[in-house]
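What follows is one structure encoded as C-alpha cells, with my remarks underneath.
Quick note: the coordinates plus some simple rules give every number you see, no bench work behind them. In this text the structure is predicted, and so the values were computed from the model without any measurement. As a convention, Cβ positions derive from the backbone with ideal geometry for all residues, glycine included, and neighbour counts pool all protein chains shown.
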Amino acid sequence: MVSPVPAAVASAANATGVAKAGIAFILKKSLISALVALVLFSLMIGVRTDVGTAGQLVYWTRFGELAAIVGAVFVGSILVELLRGWFGPREGVQLPQGVQRGLSWAGRLIGPAALVFALLLPVIFYDQRYILDLAILVLTYIMLGWGLNVVVGLAGLLDLGYVAFYAVGAYSYALLATNFGLSFWICLPLAGILAAFWGILLGFPVLRLRGDYLAIVTLAFGEIIRLVLLNWQDLTGGPNGISGIPRPTLFGIPLSSGEDGLAALLGIEFSPTHRIVFLFYLILALALITNWVTIRLRRLPIGRAWEAMREDEVACRALGINITTTKLTAFATGAMFGGFAGAFFATRQGFISPESFTFHESALVLAIVVLGGMGSQLGVAIAAVTLIGGFELFRGLDQYRMLVFGMAMVLLMIWRPRGLVGHRAPTVFLEHNRAIAADMVKEGRG
Amino acid sequence: MSNDHILVVDQLMMRFGGIIAVGGLSFTAKHGEITALIGPNGAGKTTVFNCITGFYRPSGGELRLTHPGGATFQLEKLNDFRICKIAKVARTFQNIRLFPGMTALENLMVAQHNALMRASGMTFLGLFGVPSWRAAEQRAIDRAKFWLDRVGLIARADDAAGNLPYGDQRRLEIARAMCTEPALLCLDEPAAGLNARESAGLNELLLSIRAEHGTSVLLIEHDMSVVMEISDHVIVLDHGTKIADGTPRAVRDDPKVIAAYLGVEDDEVAAVERELGQ
C-alpha cells in the first residue's frame, strides 16, 4: 500500500511545484508520524487483553489492525502535507485587480446583507421552529464570541475561562428574578455589572501572567465558578440547578396566552412562536449592541490601548499607559457581554444548571474567535454561524460528527492560519483605509 | 543643584544579584541641551536609561527631574507608566518597539492615550461621540499629522508600522515619543542601523526638536558622528562608573576615554603599575 504513494507525491510535486516541502521532507515527516503511531498504538491496539473464563488474564495480538492504523497515519500525514502545499498561504499569488476589487466589494456587503437577513429571518422562517431556535443559539454564540473577542482578539489575553462570566450572568438573573421577583430588564444590567465585577476579580491575580500561564489560570477560574455553583446547594440548588426562571416580558407585557398577554392585547390569536420571535429579536438586539459598543471602543483611546497592549506591552508602559487598568477594563468589558448573554440564556431556557457551563463552552467560544480571525467582528460572526450551524449540519453523521467536524477545522486552519478574516482594519486613517495584513498583526502573549 | 538642570542623577546604583551594573553614578543634564551618554558595550548605559524611565527600580541613589516650570519629581520613587504620564519622560528603544500591526498614525494616537482618555471622559463620553471628544480627537490627529510631517512619514501615515523600512521605523518611534509631549526625551541608540544620509537627517531632527520644542534630550549612541555633532554635553561610562564628563571635544581627547574604547598599550600598563609602586 506504500508503493503508489511516492509516485503520487512526485506527480503532485511536479504539477503544482510544492517548493516549500520537498518529497524527502514529506516522507520523513510522515515516517516519523507513523513511528509515533506505532509506538502509541502497539499497546493500545496491538495487544488486546481480557478476562478469561477462569478469571485469568488472557491476551491476544492484533497486528493487522495495528498495521492498518499506522498505514493510515502515514498516508494521512502525507495528505495533510500535500494539502498544506496546495492550500497553505502562498506568497506571490496575486489575484487580478478586477477580482480583488470585486472581492473587496463583496466583503463590504457581507455585513449589511447578513444584518438584513437576520432581521427578516423570523418572517421568512416563521413556521419553522427548529430554524428559529437554531438562529437564537447561533446569535447567542455570536454575542459570546464578540464578547470574548474584546479580551482575546483586541487585548490579546488568552482567556480559557470565559464561560465563568456566562454562568455569573445566568445565575445572577436566575437568582435575582426567582428570589426578589425583579424583571428581566432590571436584571439584565445587573447581570452585566456582576459579571464585569467578577471579570475584574479574575483580572487582578492574572495581571502579571502571560501566555500559557494566563490560559491555565483562567481555565482554573472557569472551573472554580462551576464547582462553586455545583456545591453551594443553598444558593444555587447545586446540580439540580434553578428552574422556573421568569420569561422575559415586552416591557411588562407577558407573552402568554392569558388575558393580559400580548396576543390578547393586540387582539390576535396566541401562538407560542411569538415568544420565540421575541427572544430572537432580543438576542439580535443584544448582539448588535455588543457589536456597536466594540466597534466604538476600538476607535476610542481605551480600545487603541488594548490593541497596543497586544502588540507590545513594554512600549505601552513607555508611553505612559497604565497596563493594569487597561487589562482590567478588557477583562471587565468582555465579562460584561458574557454576563448579558448569560442572562439571556437563563431567561430563554427557564432552567439553568452547572452542566451548561462546562469547559467545553469556553473552548467552543474560543474556537469561534480563533477561527473567525482574532479581532475581526465579521469573522467571529461567520465563524459562529459555521461552527454552530456545522454542528447541526453534521448531526446526521452520528458518532462521526466530531471527526468530520474536527477535520473541517484542521483544513480550515491550514488554508487560513490566521482565521477567516485575518487582516486588521485601522481605527483611524488620513487618506487610505487600508487593511493591515495578518502577518503584521501580533497575537498577543497575555 | 541649581534650577537649570532638568535631570540630576546622584549616586545611582543598580545591582543585579551580585553584579553591579551601575555603581554610584552621578551626572546632570541641563534644560534644552542634548546630553549624550556613551561608553563601550556593557558599560551600563541602557541600565541607566532603564532606571531613568522606570523599567528598573534603582538599588540606590537619587534621580531628580525638574520641569521647566519648576515642578520636581523623584524618578526613583515613581514607577512604570507614571514616569511618562506624570514626570513626562519619553523614551525609544535600542531594538525598535513600535506597534507593528497598527498604522503609523495609530502609533502616534496611542502615544496620546492619557490626554485622549481624559478628553473621552474615561471612555463614557467618547462612546456617545460627544462634540468635545470629537474636537479632542481631531486635535490629536492634527498633532500626529504634524509629527508625521516632521519625520517625513506623512505619505505613509496609513501603512502598518511594521511595513516601514528600518530608518522610517526609527524616526516614527521618535515621533511617537514626542507625541507624549515629553520634558525629557531619552533615545537609546537612535542612529543604530542608519546609513550616513539617514544619520544626518536624524541629527537635523534632534537639533530642531531641541530648538523648536525646548525638549531636553538624553541619548545613548555609538555613532560618534552623531554624538560629536549634536550633543552639548557628553558623559562617558565604563564598567558602570563615569570616566569622563564634558563637551564633546574635551571628551574626545581624554586619555581615559581613548583607553576605555581602544585599550592601552602594554608598556603604558607597566608604567602605571610602576607609578603605583607594584
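If packing is taken as the mean number of other Cβ atoms within 10 Å per residue, what is the order of A:125-132, A:104-111, highest first? Walk me through the numbers before you get to the answer.
Details: A:125-132: 13.1, A:104-111: 11.2.
The packing order, highest mean first, is A:125-132, A:104-111.
Give the calculated FRET efficiency between residue B:211 and residue B:71 to the nearest 0.05, with a Förster radius of 22 Å applied to their Cβ-Cβ distance. Please report the intermediate quantities before stating the final value.
Values: r = 23 Å, r/R0 = 1.06.
Given R0 = 22 Å and the Cβ-Cβ separation, E is 0.40.
Which of B:135, B:175, B:90 moves most in a GNM of chain B, Cα contacts under 10 Å?
Largest GNM mean-square fluctuation: B:135.
Can you give the log10 of the normalised intensity I(q)/I(0) at q = 0.06, 0.11 Å⁻¹, computed with Debye over equal Cα scatterers of the protein assembly as shown?
Reported log10 I(q)/I(0), two decimals: -0.50, -1.21.
How tilted is helix A:4-16 with respect to the longest principal axis of chain A? Cα atoms for both, answer in degrees (0 to 90, nearest 10).
70 degrees
Taking the Cβ-Cβ separation of residue A:32 and residue A:434 as r and a Förster radius of 60 Å, what is the calculated FRET efficiency to the nearest 0.05? Present the calculation step by step, with values, prior to reporting the outcome.
Values: r = 42 Å, r/R0 = 0.70.
About 0.90, to the nearest 0.05.
With n ≥ 4 as the cut-off for DSSP H runs, can you work out [θ] at 222 nm for the protein assembly as shown, using -39500 (n - 2.57) per run divided by the number of residues, rounded to the nearest 500?
On the way: 29 runs with 405 residues, N = 724.
Rounded to the nearest 500, it is -18000 deg cm²/dmol.
Kindly work out what percent of the DSSP beta bridges joining two residues of the protein assembly as shown are antiparallel, to the nearest 5. Let's see the in-between values first.
On the way: 31 of 47 bridges.
Counting DSSP beta bridges with both partners in the protein assembly as shown, the antiparallel share is about 65 percent.
According to a simple spin-label model (label point 7 Å from Cα along Cα-to-Cβ), what is the distance in nm between residue A:209 and residue A:266?
It is 4.8 nm.
So which residue, out of B:117, B:228, B:14, gets the largest mean-square fluctuation from a GNM of chain B using Cα contacts under 10 Å as springs?
Of B:117, B:228, B:14, the most mobile in the Gaussian network model is B:117.
Let's see if you can work this out: charge +1 on each Lys and Arg Cβ, -1 on each Asp and Glu Cβ, no other charges. What is the dipole magnitude of the protein assembly as shown about its Cα centre, in debye to the nearest 20?
Details: 59 positive and 58 negative charges, 297 e Å.
So the dipole magnitude of the protein assembly as shown works out to roughly 1420 debye.
With each label point set 7 Å from Cα along the Cα-Cβ vector, what nm distance links residue A:182 and residue A:289?
1.4 nm
Comparing A:384, A:67, A:330, which has the greatest mean-square fluctuation in the GNM of chain A with Cα pairs linked when under 10 Å apart?
Looking only at A:384, A:67, A:330, the largest GNM fluctuation is found for A:67.
How far, in degrees from 0 to 90, does helix A:273-298 lean away from the longest principal axis of the Cα atoms of chain A, to the nearest 10?
Helix A:273-298 and the main axis of chain A meet at about 70 degrees.
Let me know the charge dipole size of the range B:1-109 about its Cα centre in debye, to the nearest 20, where only the beta-carbon of Lys, Arg (+1) and Asp, Glu (-1) is charged. Let's see the in-between values first.
On the way: 11 positive and 7 negative charges, 39 e Å.
In debye, rounded to 20, the range B:1-109 gives about 180.
I'd like the FRET efficiency for residue A:415 and residue A:349, computed as 1/(1 + (r/R0)^6) with the beta carbon distance as r and R0 of 35 Å, rounded to 0.05.
On the way: r = 36 Å, r/R0 = 1.03.
Efficiency at R0 = 35 Å is approximately 0.45.
Averaged across B:179-189, how many Cβ atoms of other chains sit within 10 Å of each residue's Cβ atom?
1
What does the charge add up to near residue B:240, with Lys and Arg as +1, Asp and Glu as -1, over the other residues with Cβ less than 13 Å from its Cβ? List each step's numbers first, then the result.
Values: positive: B:15, B:45, B:242; negative: B:238.
Local net charge: +2.
Using amide H atoms built in the peptide plane, which far-off residues or other-chain residues are under 5 Å from residue B:241 H to H?
Those lying under 5 Å, H to H, from residue B:241 are B:23.
Can you classify the range B:18-83 as rounded, prolate or oblate using the Cα gyration tensor, where a ≥ b ≥ c are the square roots of its eigenvalues, rounded means a/c under 1.5, and otherwise it's prolate if a/b beats b/c and oblate if not? Mind dumping the intermediate values first?
Values: a/c = 2.05, a/b = 1.31, b/c = 1.56.
It comes out oblate by the Cα gyration axes.
Leaving out same-chain residues fewer than 8 places away, which lysines sit with a Cα under 26 Å from that of residue A:29?
A:20
Which longest run of chain A has no exposed loop site in it, a site being GluC sites (Glu not before Pro) in a DSSP loop with at most 12 other beta carbons within 10 Å, and the site itself not part of the run?
Details: sites that count: A:91, A:259, A:269, A:431.
Longest run free of exposed loop sites: A:92-258.
Relative contact order, percent, of the range B:99-180 when contacts are C-alpha pairs under 8 Å separated by at least 6 residues?
Details: 78 pairs, mean separation 39.6, N = 82.
For the range B:99-180, the relative contact order is 48 percent.
With a sphere of radius 12 Å drawn around the Cβ of residue B:8, what net charge do the other residues whose Cβ falls strictly inside it have (Lys, Arg +1; Asp, Glu -1)? Walk me through the numbers on the way to the answer.
Details: positive: B:30, B:64; negative: B:4, B:10, B:62, B:76.
Computed value for this residue: -2.
Where Rh denotes the Kirkwood radius from the mean inverse Cα pair distance, what is Rg over Rh for the range B:99-180?
Values: Rg = 13.1 Å, Rh = 12.9 Å.
Result: Rg/Rh = 1.02.
How tilted is helix A:184-206 with respect to the longest principal axis of chain A? Cα atoms for both, answer in degrees (0 to 90, nearest 10).
Taking the Cα atoms of chain A, the angle to A:184-206 is about 50 degrees.
What is the log10 of I(q)/I(0) for chain B, computed with the Debye formula using one identical point scatterer on each Cα and no solvent, at q = 0.07, 0.11 Å⁻¹?
Values returned for q = 0.07, 0.11 Å⁻¹ are -0.29, -0.67.
What spacing in nm lies between the two simple spin-label points modelled at residue A:231 and residue B:239, each 7 Å away from Cα in the Cβ direction?
The answer from the label model is 6.0 nm.
Hey, got a sec? Which trypsin sites (Lys or Arg not before Pro) in the range A:161-270 land in a DSSP loop and have at most 15 other Cβ atoms within 10 Å?
Working: sites: A:208, A:210, A:226; in loops: A:208, A:210.
Here the sparse-neighbourhood loop sites are A:208, A:210.
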